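Visitor: Dumping the structure here so I can ask a few things about it.
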Amino acid sequence: MEWSIDGGSNLMIQHFRSQIKTRTFVCTLTISMFALAMFSLVHSNYAMVSFFPNAFAVNDTGSLGSLAETVDLGAPFYIQYYSHNVSAPDSESEPNLYVNHTNVGMINGSLSVSHIGNTTETLRDNNTVYLQGFRNLTADNEMGTAFYEFQAIGNYGPQGNYESRGVAIFDEAATGNLSFLANTVAVYKTSVDADGNGAFLMWHWR
């Protein structure tokens, strides 16, 4: 039997082509499997974030125990009557500023205190305002002091009246007969009629 160089070369070329095709297929399969694995890993992480959130809402408040109990604030511990000219800020860029705003009120029905501080009142829309500021409370005869910062939302009514609701945070430095206010939270509301007669009531949120 005769064997030619050309015939041998063809056999070798066919052999190499077969190997190349096999290796190409293996490489392609490996890359595809790697890509599929990465895709699965990434989307499994997304799934964990989507289906295992850190916060959620519940309708059954009974499972929350005492946390969901109705808050009974009781009677206000501080009452103050005052006069005030009801006047909303002219614009958002021109807030009302009340400096050394001074009033006198009564704590627990027996302790008279001065109520002095500053307020910035900023217009939000036609009849709603945002208020922030601070107050110093000083009991008569220097029997105690307390300090708080506050934020509130107020509304001007169509009849020339005004109301607001706010929260007060007392610092740690309350002294004397006002020491019970140290590191406490209070909520309050104010109401002023069209004649400028105002009332300020504050409740302890224990």
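Residue-by-condition table, conditions (1) open to solvent by less than 60 Å² (accessible area, probe 1.4 Å); (2) under 22 Å from residue 182 (Cβ atoms); (3) not in a strand (DSSP E or B):
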{"residue": "114", "(1), (2), (3)": "yes, yes, no"}
{"residue": "117", "(1), (2), (3)": "yes, yes, no"}
{"residue": "125", "(1), (2), (3)": "no, no, yes"}
{"residue": "132", "(1), (2), (3)": "no, yes, no"}
{"residue": "138", "(1), (2), (3)": "yes, yes, no"}
{"residue": "141", "(1), (2), (3)": "no, yes, yes"}
{"residue": "148", "(1), (2), (3)": "yes, yes, no"}
{"residue": "153", "(1), (2), (3)": "no, no, no"}
{"residue": "166", "(1), (2), (3)": "yes, yes, no"}
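Visitor: Looking at the stretch 171-184, is at least one residue assigned to a strand (DSSP E or B) and open to solvent by less than 80 Å² (accessible area, probe 1.4 Å)?
Guide: Among the residues of the stretch 171-184, not one is assigned to a strand (DSSP E or B) and open to solvent by less than 80 Å² (accessible area, probe 1.4 Å), which makes the answer no.
Visitor: Identify all residues within the stretch 103-141 that are touching a helix residue (DSSP H, G or I) at 6+ places or on another chain (Cβ under 8 Å) and under 14 Å from residue 174 (Cβ atoms); write none if there are none.
Guide: 107, 111, 113, 137, 139
Visitor: If I filter the stretch 82-109 down to residues being open to solvent by 90 Å² or more (accessible area, probe 1.4 Å) and out of contact with any strand residue (DSSP E or B) (no Cβ under 7 Å at 6 or more places or on another chain), which single residue comes out as nearest to residue 197 (Cα to Cα)?
Guide: For the stretch 82-109, the residue satisfying everything is 85.
Visitor: Picking from 199, 194, which residue would you name as being surrounded by fewer than 16 Cβ atoms within 10 Å (Cβ to Cβ), of a type in the set (Gly, Ala, Ser) and in a loop (DSSP other than H, G, I, E, B)? Talk me through it step by step, then tell me what you get.
Guide: Values: 199 fails: in a loop (DSSP other than H, G, I, E, B).
When all the criteria are applied, what remains is 194.
Visitor: Taking the residues in the stretch 100-122 that are touching a Phe, Trp or Tyr at 6+ places or on another chain (Cβ under 6 Å) and among the small types (Gly, Ala, Ser) as candidates, determine which candidate is farthest from residue 203 (Cα to Cα).
Guide: Residue satisfying both the conditions and the ranking: 117.
Visitor: Residue under question is residue 156, and the condition is that it be in contact (Cβ under 8 Å) with a residue 40 or more places away in the chain, more than 18 Å from residue 104 (Cα to Cα) and in contact with a Gly (Cβ under 8 Å, 6 or more places away or on another chain); does it hold?
Guide: no
The values are calculated or read from the model by the stated rules, or taken from the named source; none is laboratory data. These figures come from a predicted structure and were not determined experimentally. Note that we place each Cβ from the backbone using ideal geometry, even for glycine, and neighbour counts take in every protein chain shown. For the accessible areas, the whole protein counts, side chains as well, though only heavy atoms, and no ligand, DNA or RNA atoms are used. Shrake-Rupley method; radii C 1.70, N 1.55, O 1.52, S 1.80 Å.
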